[in-house]
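Participant: I'd like to ask you about the structure that follows.
None of the figures in this text is laboratory data; all of them are computed from the coordinates on show. Small disclaimer: the values here were computed from a predicted structure and weren't measured. Neighbour counts run over all protein chains shown; Cβ positions are idealised from the backbone, glycine included.
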Amino acid sequence: MVVRRRVHGRQAHQITVAALADITAARPNVSDLFGQCTELLRDVLGFDAACWHLNDPVTGLITTIHSEGLDPRGFAQAALLEFGCDDVATFAKIRSSGQSADTLSNATRGHVAQSIRYREQLQPAGFGDELRANFDAQGGRWGCAAFMRAADRGPYTPNELRVARQVSRQLGVALRDLHHPAPGPDLDAELFPAAAVLGPRDELLAADPAAEALITELNADQSKLGVPASFLVVAGRARRMQVARVRVRSRRGTWLVVHASLLDGRADGRICVVATPASPAEVIPVALFGYGLTPREQEVALHVVRGRSTNDIARVLSLTNLTVQDHLKTIFAKTSVRSRRELVAQLFAATPPETW
């Protein structure tokens, strides 16, 4: 029998960082990574339930859900509170603050009832505080998670928040590198585009064969969810007249674009969700993140894709020709190519690095 003991302070920080490094070094798939991290962090952070997500690396919008101790069917309400309300300590607000993680108790200075999601979702479920973390790396927004704590356990401590912030940075790098396709047949590309219709409460009303296959694919780890998280996110954004478009990567490694529109011309009507294979233009920004290019290197690479010369790139980015050439050398090394032509060919092949 494994006996757990809770550790504190510097010891918890060091043990957690080392244990997470061991987990990621074994290169588990994403589901296993989240499951192992739940066990690793449960006692260190002291949470009672967790909800892990993958994101569209470019927009940061949530595309998947992996819940531990929660009914995944509550995600629709959570998505509404995240994207449709001006709440405190949302994933977007935490990111814009420059921090990788925060808690409701910290963001509200102990007055957690100021939070809409606390009043409408957390408190009714018996939770007293929530810790949220973004898993970003090299400019890409690869994932995020929310950790809920029972009301009788008190708020998260400053030390627990420090550990979460360190873990967030590690997980950002890990998620960038651990997008392994699962074994099994690819989705039939000839069937796309896939189309589904959602009702006023985002329930599935109809789906063509491609959409049915895609829903099964995306819900492989959360059979209770019904409609995939990515469908719910774009549907919710469409109802609020926001850009309703998100990249999502299937378990087989295929990048898709999922978008939604109002069928009846009103927010409380039906939603049409359409999924299509992602074009090279959709995948190139993700590939640049995945290769570990810095923001400046990404800018230079995109100008190369546009066919611009060294002189043009230097002028547009206010750099010297020598600096542009230095950036190109680094870009070639990181992407394992030897020329501009090879770089463009590799990016337009829409093939992610092998480490994904």
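Participant: Can you sort Asp326, Asp152 so the residue with the fewest Cβ neighbours within 10 Å comes first?
Facilitator: With the fewest neighbours first, Asp326, Asp152 line up as Asp152, Asp326.
Participant: For the range 213-356, compute Rh as the Kirkwood radius over C-alpha pairs and then the Stokes-Einstein diffusion coefficient at 37 °C and 0.692 mPa s; write the answer in µm²/s, rounded to an integer.
Facilitator: After rounding, the answer is 189 µm²/s.
Participant: Once you sort the root eigenvalues of the Cα gyration tensor of the chain as a ≥ b ≥ c, which label holds: rounded (a/c under 1.5), prolate (a/b larger than b/c) or oblate (the other case)?
Facilitator: It comes out oblate by the Cα gyration axes.
Participant: Grab the other residues whose beta carbon is less than 11 angstrom from that of Val88, score K and R as +1, D and E as -1, and report the net.
Facilitator: My count for the surroundings of Val88 gives 0.
Participant: Pop the C-beta distance of Thr157 and Met241 into the FRET formula with R0 = 56 Å and round what comes out to the nearest 0.05.
Facilitator: 0.85
Participant: Using the Karplus equation 6.51 cos²θ - 1.76 cosθ + 1.60 (θ = phi - 60°), what ³J(HN,Hα) coupling, rounded to whole Hz, does each residue of the range 319-330 give in order, writing x for Gly and Pro?
Facilitator: After applying 6.51 cos²θ - 1.76 cosθ + 1.60, I find 10, 7, 4, 5, 5, 4, 4, 5, 4, 4, 4, 5 Hz.
Participant: Ratio to report: Rg/Rh of the range 9-177, with Cα atoms as the point set and Rh obtained by the Kirkwood method; give two decimals.
Facilitator: Rounded to two decimals, Rg over Rh is 0.93.
Participant: Out of residues 5 or more away from Ala49 or on other chains, whose amide H comes under 5 Å of its own, with H placed 1.01 Å from N in the peptide plane?
Facilitator: Here the answer is Met148, since their amide H atoms fall under 5 Å of that of Ala49.
Participant: Send over the semi-axes of the range 281-348's equivalent ellipsoid, whole angstrom and largest first, taken as the square roots of 5 times the C-alpha gyration tensor eigenvalues.
Facilitator: 18, 12, 11
Participant: Once you place label points 7 Å from the Cα toward the Cβ at Ala18 and Asp32, how far apart are they in nm?
Facilitator: Placing both labels 7 Å beyond Cα along the Cβ direction yields 2.3 nm.
Participant: Let me know the volume per residue of the alpha-carbon convex hull for the range 189-278, in Å³.
Facilitator: Hull volume normalised by residue count: 80 Å³.
Participant: Once the other residues with Cβ under 13 Å from the Cβ of Pro124 are scored (Lys, Arg +1; Asp, Glu -1), what is the net sum?
Facilitator: 0
Participant: Can you put Met148, Met241 in order of Cβ neighbours within 10 angstrom, beginning with the fewest?
Facilitator: With the sparsest Cβ surroundings first, the list reads Met241, Met148.
Participant: Using the Karplus curve 6.51 cos²θ - 1.76 cosθ + 1.60 with θ = phi - 60°, work out ³J(HN,Hα) for each residue of the range 261-274 in order, rounded to whole Hz, and write x for Gly and Pro.
Facilitator: Per residue, the Karplus-derived 3J(HN,Hα) values read 8, 7, 7, 9, x, 9, 5, 9, x, 7, 10, 9, 10, 10 Hz.
Participant: Which one, Asn321, Asn106, Asn29, has the greatest fluctuation when you compute a Gaussian network model over the chain with C-alpha springs under 10 angstrom?
Facilitator: Asn321
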